[in-house]
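Bear in mind that the values in this text are calculations on the coordinates, not laboratory data. All figures in this text were calculated on a predicted structure; none of them were measured in a lab. All Cβ positions, even for glycine, are placed from backbone atoms using ideal geometry, and neighbour counts span all protein chains on display.
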Amino acid sequence: MSSNVLPLFGENAQALKDSAVAPYGGDGGGTEMLEQRVKHLEDEVKEMRGDVRALRDDVAEMKGKISMLPGYPGLAVLMAGIGSALLAASRLFPPLP
């Protein structure tokens, strides 16, 4: 057993009962410090909620932009149109000497 751990039986148990400091605080739990810590955590959570809201808005905006992009069939039609336009343009102009 570690040197800083004492078994709670025999004289050690009696010494613990007789000690001035209770094993679970005994000073009211430090409510002032606890209130400060809880307030700090509440502020952090508010900030995180704002960040999550901003992320949600950004993701919705990206989804909207992605949905407007053409899919594979749209890209195939686009490439076929460009190819056809280039072919037609090449037929209109005479070959260079």
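Calculated FRET efficiency, R91 and M68, Cβ-Cβ r, R0 30 Å, to nearest 0.05? Can you show the working numbers first?
Values: r = 34 Å, r/R0 = 1.13.
With R0 = 30 Å, the Cβ-Cβ based efficiency is 0.35.
Set the Förster distance to 35 Å, then compute FRET efficiency between V52 and V77 from the Cβ-Cβ distance, nearest 0.05.
Details: r = 39 Å, r/R0 = 1.13.
Using R0 = 35 Å, I get an efficiency of 0.35.
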